[in-house]
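Q: So that we are looking at the same thing, I have put the structure below in structure tokens.
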Amino acid sequence: MLDIHTMDYGSISAGPGYRVELFTQGCDANCPGCFSRETHAFDAGTLMTIDQIMEAISQWTDKEENRPYLTVCGGEPLAQVEGVIELCEAFKEKYGRLSHIIVYTGYELDEAKELPEWRRLRKTIDGLVVGRFIKKQRFKMTGRKFIGSSNQRYVDLRSGKDLIYAAEAANWVAEDKKLWPTLGISST
């Protein structure tokens, strides 16, 4: 069960390729300047079972022209870590190696690693964007993608690389042949 704020289908702002972006409800960080303040109140979203969420996601993802890419953000997804893990496990079970999952969190990587559920979460997702949004370090179109402020970073959990700059992440994605079609790259 997850408390969901909304889902955005075909998002290109929260990871490589067109993807489903699921916003969880509830965050106590209250970062000044956060673009999704409406997700901060706890118990103010829609409670959904994992099956209900997967059904909603599948209606978009199962279309031939779409890829099984998912981003979970919020709110603070790790405030509902057990439900997020269950969703990501269900997503991976359904879509297997074709899937790509990113989770955004205000936690630092060391804080996330302290969670009792860390090992299970790490096995389930492909990437983790870590760090609180800091308004004074707001990202301004300088080549970095998929982050809101310069202190945040993308951690590739498949390779273990800490990709501080989105350009590094883009290079990693370009080398990952399963993501090539979303970038318009041919494998032949």
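Q: Between residue 138 and residue 64, what FRET efficiency follows from the Cβ-Cβ distance if R0 is 41 Å, with the result rounded to 0.05?
A: 0.60
Q: On full extension of the chain, what length is gained from residue 30 through residue 109, given 0.36 nm per residue of separation minus the C-alpha to C-alpha distance? Mind showing how you got there, number by number?
A: Working: separation 79, 0.36 × 79 = 28.44 nm, distance 1.89 nm.
Extending this stretch completely gives an extra 26.5 nm.
Q: Taking neighbour counts of Cβ atoms within 10 Å as a proxy for exposure, in what order, fewest first, do 31, 88 appear?
A: 31, 88
Q: Taking the simple approach of a point 7 Å from Cα along Cα-to-Cβ for both residue 9 and residue 93, what is their distance in nm?
A: So the label points at residue 9 and residue 93 sit 2.3 nm apart.
Q: Using 0.36 nm times the number of residues separating residue 52 and residue 117, minus their current alpha carbon distance, what extension gain do you get?
A: 21.1 nm
Q: Compare the peptides 90-101, 64-75 by average per-residue count of other Cβ atoms within 10 angstrom and give them in order, highest first.
A: Result, highest mean Cβ count within 10 Å first: 64-75, 90-101.
Q: Neighbouring Cβ atoms within 10 Å as the yardstick, rank 8, 110, 28, 126 fewest first.
A: Least crowded to most crowded, the residues run 110, 28, 8, 126.
Q: While we're here: Exposure proxy check: 119, 153, 19 ranked by fewest other beta carbons within 10 Å?
A: 119, 153, 19
The numbers here are math on the coordinates, done by the rules we state, and not lab data. All of these numbers come straight from a predicted model, not from anything done at the bench. When we count neighbours, we look across all protein chains shown, and the Cβ atoms used for this are built from the backbone with ideal geometry, even at glycine.
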